[in-house]
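Structure first, then comments.
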Amino acid sequence: MIKTALVTAPIVQAPNWDYPFEIMCDASDYAVGAVLGQRIDKKLHVIYYPSRTMDDAQGQYATTEKELLAVFFAFEKFRSYQVGSKVTVYTDHAALKNLLAKKDTKPRLLRWILLLPEFDLEILDKKGVENGVADHLSRMRVSEPAPIHDTLPEEQLLLVENLGKSVCLAERLEQLKAVEEREAPWRCIAQEEVEGILQHCHGSSYGGHFATFKMASKVLQAGFWWPSLFKDTHDFIARCDRC
């Protein structure tokens, strides 16, 4: 009954896109756990809290590596909420923040760290005793999962209902196939080139003042890519006077 109560309203709620997100992460010797929420009127509203056990190789990681694994487990689960949003990440290992400045970081950790620029993040230290929910999730033994019954506003359900009418699956598959068969790879550009490319793909005759994902597609179609493409696109559109 407790598990059922934790995954139904009013405990778990739909996101409010007008507020920033908070992520709490933690790792134990054998599992990782995370919580996604939003603080509204100084009260944390939970949106999602996943956890999973580590495999044998991950169980041999050092403590810092396990904490970073928990962070990127959360990023993998919550990516659709993070892109274009301000996110504060709480973890109970202060050494994580120092990894960003180290030059001798292990290749595995470096690959994870290189994903960070895509998001608008602030990483804060929070000890396990203060990070109770994520700490508990990382120490839970595996049991039968309880179903999650989401209650969404009618307008969100309507968007999902109409999605199938407006998007042709065969057309999307052809687009993905075309991307896969590109003869020329995307050019990974330097940060100082970003502004000019975004200006061209948004405000010129090639552009059209589209929203974030449409404009990002324009950039990719033009043959350009960089790690923080979606975040930079979102920020650029937010500064556009005509939009």
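Here, each number is a calculation from the coordinates, and none is a lab measurement. Note that the coordinates shown come from a computational prediction; the quantities given were computed from them, not determined experimentally. Cβ: placed from backbone, ideal geometry, glycine included. Neighbour counts: every protein chain shown.
Miscellaneous remarks
- In plain terms, the chain from residue 211 to residue 242 could stretch by 9.9 nm, reckoned as 0.36 nm per residue minus the Cα-Cα distance.
- Counted residue by residue at 0.36 nm each, then reduced by the alpha carbon distance between them, the extension gain from residue 188 to residue 125 reaches 19.4 nm.
- Residue 19-residue 40 pseudo-label distance in nm [points 7 Å out on the Cα-to-Cβ vector]: 0.5 nm
- Take the Cβ atoms of residue 76 and residue 106, set R0 to 25 Å, and the FRET efficiency comes out at 0.80.
- Zone residues, the stretch 222-243, relative to residue 200, backbone N less than 15 Å from point 7 Å out along Cα-to-Cβ: 222-226
- Added length on full extension, which subtracts the Cα-Cα distance from 0.36 nm per residue, residue 29 to residue 235: 70.3 nm
- Neighbour net charge for residue 189 - beta-carbon separation under 13 angstrom, K R +1, D E -1: -3
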